[in-house]
Structure formats: structure tokens, C-alpha cells
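This report refers to the structure that appears directly beneath it.
Only the coordinates and a few stated rules stand behind these numbers; no lab work does. These figures come from a predicted structure and were not determined experimentally. Backbone-built Cβ (ideal geometry, glycine too); neighbour counts: all protein chains shown.
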Amino acid sequence: MLDKTFDPKTFEKNFSFDMEASVRKPKAEPFMVLLPPPNVTGSLHIGHALCYTLQDILARYKRMRGFDVLFQPGLDHAGIVTQLLVEKQLYANGVEKGSLTREGLLKEIWFWKENSGGKILDQMKKLGVSCDFSRLRFTMDEGSKKAVTKMFVKLYEDGYLYRGKKMVNWDPLIGSAISDLEVIEKEIEGSLWHIKYRVKGYPDDIIVATTRPETLFGDTAIAVNPKDGRYRHLIGKEVIVPLTDRSIPVIADSYADPEKGTGAVKITPAHDFNDFEVGQRHNLPIIDIMNAKAELNDNVPEIFRKLDRFEARQKVVELLEKKGLIEKVESIKHKVPYGDRSGVILEPRLTYQWFVNAERLAAPAIEAVKQGKINFIPKHWENLYFEWLNNIRPWCVSRQIWWGHRIPAWYGPDGQIFVAETEKDAKKKAVAFYGKNCVELKQDDDVLDTWFSSGMWPFITLGWPDKTKELERFYSNMIVVTGFDIIFFWVSRMIMLGIYNMKKVPFPNVYIHSLVRDEKGQKMSKSKGNVIDPLDLCNTYGADAVRYTLASLASPGRDIKMNSRLVETGRNFLTKIWNVLRFAQMNGCTYNKDIDFSGIKHPVAQWIVVQVKKMVKDLEIALDNYRFDEATKIIYQCVWGSFCDWYMELIKPILQKTSLDSDTKEGYNLQQALLKKDIRDVTAWCILQFVRALYPISPFISKKLSGELGVTDMSWPDVDVIPESFNDSVRKVELMKEAISAIRSVRQFLHISVGDKLNVSFEIQDAEISAFISENQELLNRMAGVVLTENIGSRAVSIVVSGATLKVSIPNTVDIENEKKRLMMECNKLKKQRDDSVARLSNEDFISKAPADVVDEHKQRVEEMNEKIERFNFIIKGLETA
RNA sequence: GGGCAUGUAGCUCAGCGGUAGAGCACUACGUUGACAUCGUAGUGGUCGCAGGUUCGAUCCCUGCCGUGCCCACCA
């Protein structure tokens, strides 16, 4: 027997789903859920909770439907994030900055990973995520290393990968190139200095505006627009770079925009993307004035060397001012690139890096989505995908950090590159290349972008480069569920690398879930203090309620405004189901696996079984279409709206009365006993179906309740066993429901208290329904407080429902005028509806152009309304004469 | 500058070419045997604005306004 109160804490901890997650069904259709591997440093936030809940719903649902489901967990080594985190901890513990060797730091990070990493996995278990944890993968485990190295070599040998000196976004704190996608533009208040550059052999200065005066040491030209009359005469002249004695040319380039600044722009090819381009066009020298930490180097006058870029800026400005070389300073707002991870201002920097020719990989990736081999859900995300891939730039895959996959490239003494899977192979190549035996090779110091390995996730997890049976079965049969923010980082890379490496798309569907925001619609962030911790929610309301609520909010294409009160709704619903089973248990309902539907005769039982069947069918449609929100509503409506509000109330007399009778042995008869058994069977059967239907969404309580029913098997409800003939009962019960609601409504309207028993009589055309009503008159009594009577006195109100008119006696205290008002109101509503349809039907265009079924519908509506209105009028007339 | 999404009840959101929906909130009434994490009945909406297409528009199209986001540029 269940406890009186529903407390998820008492049973959620008792369940683990490892067993079912690891079951393989070799003969069934394969289905894989490709879990986006969380960072090894990660801890579960609300976005993860949503993402994993949706994935887990799919995994469980597919398992229940008989698929061979692989739901494999993993962790991402998260290069930069992890290295920064461990370094920070080491420094905090007294390790001196820069004192660690590569090997030393890696040892520390591995140690950290083994002891403190992957906490999120336990948190996932708390949320009930049914991954097969026995197949946990790490993006830097041995298999991944092997795969990544092989992939790198393959790409290189196929000509997709090259090393080149290019300008990249450089993070001076990390000391590495970072991805263009990790550049965050922030608008800040800054200054625009107008600096005088002296023109050689010319009286006037040329004024150049810049936000970065410290970079003037790297200037190698001043550009003006050839069409700009102000400067035309200066083109070809030499100017002196302030604070130096270096002269640089004034060049003509359309890049200089006469509208911006002074129209003359300093060109610093080593420190600006656009300037680099200009420099290339004009063959300008490149003067790099900074080191990896963005301190000025030996290419600047001695007093500025070793200064940080901002200190240098201050000093440059001071000196310029002293020399009267600053014409004016403007305050401006401008956007500055920041590193997403480090939070510092980035520097464009010219360095040797490894690049993947992404354009070549992108073409088939674009094609695959265009041809519908891959579908985004919701579809509009495809626009974003196309937009990015159509404008894709070379993918810089090298990072100047230590934690990650070391680039399998070796250099000969002359810089010759040898790319190979092992050092031994590289040596062989070197020997062949140089034609001598003893060659000193040095491995590339850099590691690969973390997304390089993540991009291989669909086949790494399945064992590639080995030819595993999982790879054969699951590749191309998976679903990806993830946030829009990693469409570029992850989804598109998986598609590109997947098609390139496996010659077919990794997955046919990508579900993009919404962003979870706070209740005001703001992005959650630690600094704003508006973070909702899913684990807190789980502790308060239970993981099931959190999952249920997240699913209910997962409408496609709209961000989620999260609020812990919303979880209450979920919790309340689960409480309701808990109490449903408690009620059933108290009334001796046990699950009968041999239930024979053909023997179930009671219309109310038949009706609810039909409702459950409909629920299951609707649920299948919803889940097959990733409508998690619909799914929760469908279950809620059936359990609460149909089963609790009606079925349970309607069958209570049967369960409770007969149990009393059988206790006393008085009035006990076989018919009643059999009926009671049927109702008990149906009740338990329905609850089991609810529990199963709910299992993908809220597995803990489902498992608990099904256990109470003595069922451990969690297969999807089989509703095809329900006889079609049950549909006939729907009319009867629906009329009963309508009558009960109408009587209750009248009661409230006329302020007749529930205690007052009223008499009621029915006028029903349909004999079967009529018989059903009189056979079940005690239900009317119980639910609406009315007693079926042949002759009702003249003090009565009439109620018009579909297919019947009811007369209900009313006490003397009730004001007849009120009743008239009520009837008129009801009647006017009907008239309005009728007139609307009549108006349409009198429109010839409507008759000729609207579809026949719509026209018929309106004709029928007019008839129905007229019939009801007639009955109303009759009643109102009667009331007036009374 | 280019693009995407979004605007429906007080709030959070479904829906959709053919009679505007749910949950919460609110109002009234109720409840000692499944459940107050409850029940019953109600109140509440020119579906952002303006045009157009259509027999018919909340839904499709165009424009505008508001909101959120993405990309690009910025001397």
C-alpha cells in the first residue's frame, strides 16, 4: 500500500536505470540518442536538465516501443576550460606561474580529472537519465586519441588540412589562438585619439584617428581613399611615425572610408585583420610589436618594451601629448572583441596555425540538409546552419595549450613537416625524405581544438576506426538533441566530418531545444544571480516533477521562462496520480494481466478505456513529432480531466457500495460482484497504462507505481486490444457528463446549495441512452444531487443539452426572474451562433466556394441550434405563464 | 547593415483558413475516507497595429511597431 503522502525523496533514490539502459536487442530496429558530451568540468545546469530530459524521454519511449536503443554517455575534455581551471587551482595552492612543465601540468590535470572530473554524471543519474553508463566515453580516452590522430592524418593526406601563417584571434591570457566563434563583441566606452603624423617635405600634418595608439609602432602605411580630395595630393608622400624616426608611405586604398574618422587611417598589418589585407595588397612590411601575452616587444622603442598593451597605450598618449602630437580626443562607444573563456580583450595576431579547409567539407554538409537527408527541428534553424556554412572560413584547429590531442605533426631541422599517426611513422617518412638514417624530429607543440574531437563524436562513440557492429548499426540512426548555440561549434562539424569520414550523414534529425531563461526572460548567469539550479528543484519537488515540467515547457521555437512555481504544477500532477493508485488500492483494485475486454460491459468502464486508447494514440503522435509539451498535456488531460474528474467519481458507488454489501453479506449478489470485479480490473488497467505512458517523462514514480501494481515490464501500452464496440458507450457517458455539469451549473447560478436534493426528469429521444440514464440514476444523485422522478411539479427549470431536455425542480426560495435571465442568456448564446451560420449560408459565394463538408457542418449547426432554441423558447414561455 | 524568431486571457503558453483553448491567478461555493499538492461553478480576449488575398483571416501575404537573438562591420 502506498504512503498517504507523495514524497519523491523516499523512493527516487531507490531506482537506477542501468539495467534497462544496457539491454541490447540485436534483432530490433536500432535507435541511438547522441548525448552531447558535457565538459568534464561541468555541473548540471538547467539547460542540461532540459536537454537530457528530452533525450531521455526519447530513449525510454523508443525502448518501450521495442527499439534497440543506444544512449551512450560521454565527457568532453574541454581543453581551454579545463586547463584554466586546474591551473587556477594550482596557483591558488602556491604553485608558481610558469613553473610547470608540459608533462607536469598534464599529470596534474589527469589527476584532477580522475578525482574531481565528471561530477555531472552523478547529477545526470539523479535526474534519471537512462544512459548506458557502462559505455562511458571520454574525448581523450585511448580510443578517442587513436581516432583523432587517424582523422588528422587522413585529412592531411587528403589535402583538407594545412599549416599556414595567418591572422587569428589571439587570447593573451590563455596564450593561444581561439575560435572566431569564441569571440564576444562587447560595446564599451573608449577614446578616439586624433594623432598628427608629420609629412616629409610638407608643411601640414596628416591627422589619423585611432582607438589603439599603442599600435602605431607597427604602422607601415597611412591609407587614404583615392577618391578623397582632401588627401589626394599626399598619396605617395612619406610620413614619420610619431615617437620614432621611421617613415612610412601614404597609400591609396578604397578601404579608407572618407566618412570615418579623419578619412586617413593608419595601417598596422600585424595587428588588425583589415590592415593585414591592405598590407598584402600593397606589399607592406609587417611589424609585429607584441608577444604572446600582448606585451610590447623589441620592435618598439626601448622605453615601451615589456609594457602591457594598456600601459603602453597610456604611455604613448602621454608622450604624444607632451610633444603636441594629439590634435583632439573624442569619447566614443565602440565594439571590442573579448575572449569568451578568459574574458580579456583579444588581439589579432599573425601566427603559424593548422587550418582545416572547411569550405570543401561544408559543400556536402550543406547539400545533405538541402536534400532533406538531415532535418532540423524546428526547421527554421536550417537557415542559421546554411548562413554559417555558406560563409565558412578556414577552421583554425590548433591551440597553444597543453591539455588536448597533441597534433601528430613532426618537423625536420629545416622545418619540413611530417604528419603521421606515430612518431615512428613520422621518422620513417623523414628518413625517406632526407635519405639518411638519423634525423632529429620535433613534434608540434600545439593541441587540437576541442571541437575537433567532439565533431567526431558520432563515430568515435561507436568505436571508429575499428569496424564495430555498433558503428554498422547505429551510425545514421541517431537523434541529436542540443541547443542552437552549438549548431556551429558542434552540429555542423559533426555533419561535415561525418559525411567526409563515413560517406553518409551521421543522423537524420537534429532537435534544437529552447533556451531556458529566468522568469523575466533574462538569460541566467551567475553574475546576475538569477540561476535556477535543477538539483535544488529536484530536491524540493523531485526529479520527476522537474522532468515533467521541463517537458511541458518544451514548445518548439520559443524560449522557456523558468520559474520554480511551474514545477509545482508538475509535482501536483504527480501527487494526483499517486493518489489515484492509493484510491485503487483502498478499493481492492489489482492489476489483472488476463483482463478480458470483451467481458467488460459497464458503459462507464468502456468509456474510460476508449479515452485511454485515445490518449495513447495521441501520445504516440506527439512523441513521434518531438512534441514533448503536447505529450504532457495529453496525459494530464486524460488522467485528471477524464479519469479523476469523471471515471473515478462515476464508479465510486460500484466499488464502494458493493464492498460494503459484501462485508455484511447482505444484499450481496453475483451480478454486483462481477461488476465490481470488472470495474476493479479496468481501474487497475487504466492506471497501469497511465504509469507506462508517463514512464518516459517521469520514470521514478512510474517505476514505483507499476511496482505497486506488480508489473515490472515497461512496454508501451497495447491499446489495439480495445474492442471497437466500446465506442458506443461514449455517447451515453458524454450525455451523462453533460447533464451533470449542466445541473451543477444551474445550481450555482440559482444559488441552490448542494445539500438540497432536487428532482429531475429527462426527455431523451434515444431509447438506449434513456435506459442508461435510468439504470444509473444513483450517479446523478451522487454527482449532481438530483433524484430521477416521473412527474415534476410546475416549479421547475429546464436544461437543454445535446439530445435531451432535463427538468429540475427548484425550491420556492429561488427567484423565478433569475431563472428567466439564465434561460435568456443561454438562448441568446445559441442564437448568436445560429445567426452566424445562417449568415454564411445565405452568402452564395460561401455555398459555391466553401468545401462541402464545411457547408454541411453549418447547415447541421443551424438545425441543431434551431431545435435547441425552440426548446428554450418553449420553456421560457412556460415560465412566463406559470 | 544583413538575417531569424516572437507578439493570443492579469501571468506563462498551446492552437489554427471554418463557433478563441489550457495551466496558474482571480471570484463564489464546497470538503471529517484517493487527493487542500483537493472539488464544483464562474469572471476574463477587437488573437500587436494597418492594409491585402479569400466566400471566410487570430492563422496566408505586405508594411509598420514592440521584444529577444544570430551574423557582419566599426579609424
Equivalent-ellipsoid semi-axes of segment A:339-382, from the Cα gyration tensor, Å, largest first: 32, 18, 6
Dipole magnitude (debye, nearest 20) for segment A:590-744, charges at Cβ of Lys, Arg, Asp, Glu: 340 debye
Gain upon complete extension [A:Phe874, A:Asp205; 0.36 nm per residue less C-alpha separation]: 230.7 nm
Spin-label zone in segment A:397-425 - amide nitrogen under 14 Å from a point set 7 Å from the Cα of A:Lys154 along the C-beta vector: A:421
Relative exposure of A:Thr422, A:Thr540, judged by other C-beta atoms within 10 Å (fewest first): A:Thr422, A:Thr540
Rounded to whole Hz, the Karplus (6.51, -1.76, 1.60) HN-Hα couplings of segment A:308-316, x for glycine and proline: 5, 4, 7, 5, 4, 4, 4, 5, 4
Relative contact order, percent, chain A [alpha-carbon distance under 8 Å, six or more residues apart]: 12 percent
Inter-label distance for A:Lys436 and A:Lys107, nm, one decimal - labels placed 7 Å from Cα along Cα-to-Cβ: 3.6 nm
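Segment A:771-817: which trypsin sites (Lys or Arg not before Pro) are DSSP loop and have at most 10 other beta-carbon atoms within 10 angstrom?
Values: sites: A:Arg782, A:Arg795, A:Lys807; in loops: A:Arg795.
Filter output for segment A:771-817: empty list.
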Sequence-distant aspartates and glutamates (8 or more away, or on other chains) whose Cα lies within less than 16 Å of A:Lys504: A:Glu367, A:Glu470, A:Glu472
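For a footprinting-style exposure proxy, rank A:Lys119, A:Lys328 by other Cβ within 10 Å, fewest first.
On the way: A:Lys119 14, A:Lys328 10.
The most exposed by this proxy come first: A:Lys328, A:Lys119.
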Compactness of segment A:80-119 as Cα Rg over 2.2 N^0.38 Å, two decimals: 1.09
Angle in degrees between helix A:603-624 and the longest Cα principal axis of chain A, rounded to the nearest 10: 10 degrees
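Any idea what the dipole of segment A:776-882 comes to, in debye rounded to 20, about its Cα centre with Lys/Arg Cβ at +1 and Asp/Glu Cβ at -1?
Details: 17 positive and 18 negative charges, 65 e Å.
Charge dipole of segment A:776-882: 320 debye, to the nearest 20.
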With at most 15 neighbouring Cβ atoms within 10 Å, loop GluC sites (Glu not before Pro) (DSSP) excluded, longest segment of chain A: A:97-258
Inter-site label distance for A:Arg565 and A:Asn383 at 7 Å from Cα along Cβ, in nm: 3.4 nm
Dipole-positive endmost among A:Ile366, A:Val682, A:Asn572 within chain A (Cβ charges, Cα centre): A:Ile366
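For segment A:492-617, what's the relative contact order in percent, using C-alpha pairs closer than 8 Å and at least 6 residues apart? Mind dumping the intermediate values first?
Details: 81 pairs, mean separation 25.4, N = 126.
With pairs under 8 Å counted, the relative contact order is 20 percent.
Based on the Cβ-Cβ distance of A:Gln671 and A:Lys617, what FRET efficiency does E = 1/(1 + (r/R0)^6) give at R0 = 41 Å, to the nearest 0.05?
On the way: r = 33 Å, r/R0 = 0.81.
About 0.80, to the nearest 0.05.
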Chain A: calculated mean residue ellipticity at 222 nm from DSSP helix runs of at least 4, using -39500 (n - 2.57): -14000 deg cm²/dmol
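Using only alpha carbons, build the gyration tensor for segment A:437-588 and give me the equivalent ellipsoid semi-axes, biggest first, whole Å. Please report the intermediate quantities before stating the final value.
Details: eigenvalues 364, 105, 48 Å².
Taking √(5λ) for each eigenvalue gives 43, 23, 16 Å, largest first.
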Local electrostatic count, A:Pro26, Cβ distance below 9 Å [Lys/Arg +1, Asp/Glu -1]: +4
Alpha-carbon Rg/Rh ratio, for segment A:58-110, with Rh computed the Kirkwood way: 1.39
nm² value of the averaged projected area, convex hull over the Cα atoms of segment A:805-872: 5.2 nm²
Alpha carbon convex hull of segment A:521-567, volume per residue in cubic angstrom: 72 Å³
Cα gyration tensor, segment A:709-755 - rounded (a/c under 1.5), prolate or oblate: oblate
Test item: Cα-centred dipole of chain A, Lys/Arg +1 and Asp/Glu -1 on Cβ, debye: 920 debye
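Once the piece of chain linking A:Ala292 and A:Glu238 is laid out straight, how much longer is it, given 0.36 nm per residue of separation minus the C-alpha distance between them? Write down the numbers at each step before the final one.
Numbers: separation 54, 0.36 × 54 = 19.44 nm, distance 3.12 nm.
Once the chain is fully extended between A:Ala292 and A:Glu238, it gains 16.3 nm.
Contour minus end-to-end for A:Glu327 and A:Asp245, with contour as 0.36 nm per residue of separation and end-to-end as the Cα-Cα distance?
Numbers: separation 82, 0.36 × 82 = 29.52 nm, distance 1.98 nm.
Separation in residues times 0.36 nm, less the Cα-Cα distance, equals 27.5 nm.
May I ask for the percentage of alpha-carbon pairs in segment A:619-765 that lie more than 29 Å from each other? Mind dumping the intermediate values first?
Values: 3778 of 10731 pairs.
Summing the P(r) of segment A:619-765 above 29 Å gives 35 percent of all pairs.
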Separation of the A:Glu519 and A:Thr590 label points, Cα + 7 Å toward Cβ, nm: 4.7 nm
Computed P(r) (all Cα pairs; chain A; 20 Å bins; percent): 12, 31, 28, 17, 10, 2, 0
